[in-house]
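Notes follow once the structure below has been shown.
The values are calculated or read from the model by the stated rules, or taken from the named source; none is laboratory data. Nothing here was measured: the structure is a model prediction, and the numbers come from that model. When we count neighbours, we look across all protein chains shown, and the Cβ atoms used for this are built from the backbone with ideal geometry, even at glycine.
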Amino acid sequence: MIVVGLTGNYGMGKSTVSKMFGELGAVTIDTDVIVGELLNDPEVINEIKKAIGDDIVEGNSINKKMLADIVFGSPSLRISLEDILHPRVFNKIDEKLSGLSVTCSQAVVVIEAPLLYERSYQSRFDRTITVYTSLETAMKNLSTKGVSEENALIRLKSQFPIEMKISRSDYRIDNDHGLDATRDQVADIYRELAALAKGGDVSGNLHGNN
């Protein structure tokens, strides 16, 4: 089994690329889905209230829009939130990987990790991939999701420059020239990863590194 961290900045197409890997046979894990589940956990909700304030909770639920506005506007609060969520996210991933190691020992596992380099998580993965586009394309993609230009820029500035991520990654995917071109790059990388996975169990970095 080989465990791959898939990263890139906001609006650059991580989810699109992850889906392509899934279509080729990779096991894909979306950390945003795990975070969404955790935000419904009463223990997590209580910790977020303590870190950010009672106003963040409406009824028994986190106001996710308010949470996003707050954490993107305050680096210190964003780190506090990440410190609450990320260990739990990796615990959930560990559980999934433990099951896969038994049922699918030659799997290629692709995990979306938006803050892979910002939080120095690269050592948790056997290989890393950065998806990138131009700033203009990222802004356009975020706009179609209802993110204002101002908020899009705030989100993008909260992450490391994409050039830094590209330089540090094992693989790079240029998502700026249409889906067919992106799909061809994904296919090439998947073939190499699948060969590595079949060559032996190269995983293990993720476990025990919370």
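Against the test of being touching a Phe, Trp or Tyr at 6+ places or on another chain (Cβ under 9 Å), outside any helix (DSSP H, G or I) and in contact (Cβ under 8 Å) with a residue 40 or more places away in the chain, the options Ile111, Ile154 yield a single qualifying residue, Ile111. Restricting segment 117-151 to residues that are over 18 Å from Asp174 (Cβ atoms) and in contact with a strand residue (DSSP E or B) (Cβ under 6 Å, 6 or more places away or on another chain), the residue that is surrounded by the fewest Cβ atoms within 10 Å (Cβ to Cβ) is Gln122.
Number of residues in segment 157-191 that are in a helix (DSSP H, G or I) and either at pLDDT 95 or above or crowded, with 19+ Cβ neighbours inside 10 Å (or both): the value is 20.
The residues of segment 1-20 that are closer than 10 Å to Asn175 by Cα and charged (D, E, K, R) amount to a single one, Lys14.
Every residue, every condition in (1) part of a helix (DSSP H, G or I); (2) among the small types (Gly, Ala, Ser); (3) without any contact (Cβ under 8 Å) to a residue 40 or more places away in the chain, yes or no:
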site: Asp55; (1), (2), (3): yes, no, yes
site: Leu67; (1), (2), (3): yes, no, yes
site: Ile70; (1), (2), (3): yes, no, yes
site: Leu81; (1), (2), (3): yes, no, yes
site: Pro87; (1), (2), (3): yes, no, no
site: Phe90; (1), (2), (3): yes, no, no
site: Leu116; (1), (2), (3): no, no, no
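Every test in (1) under 19 Å from the mean Cα position of the chain (by Cα); (2) farther than 26 Å from Ser169 by Cα is passed by Ile79 save one, and that test is (2).
Just name the residue that is surrounded by the most Cβ atoms within 10 Å (Cβ to Cβ) out of those in segment 38-56 that are of a type in the set (D, E, K, R) and farther than 12 Å from Leu85 by Cβ. Step by step, filter segment 38-56, then rank; the result is Lys49. Within segment 134-169, track down each residue that is polar (S, T, N, Q) and out of contact with any Ser or Thr (no Cβ under 7 Å at 6 or more places or on another chain). Of everything in segment 134-169, those that are polar (S, T, N, Q) and out of contact with any Ser or Thr (no Cβ under 7 Å at 6 or more places or on another chain) turn out to be Ser134, Thr137, Asn141, Ser143, Thr144, Ser148, Asn151, Ser158, Gln159, Ser167.
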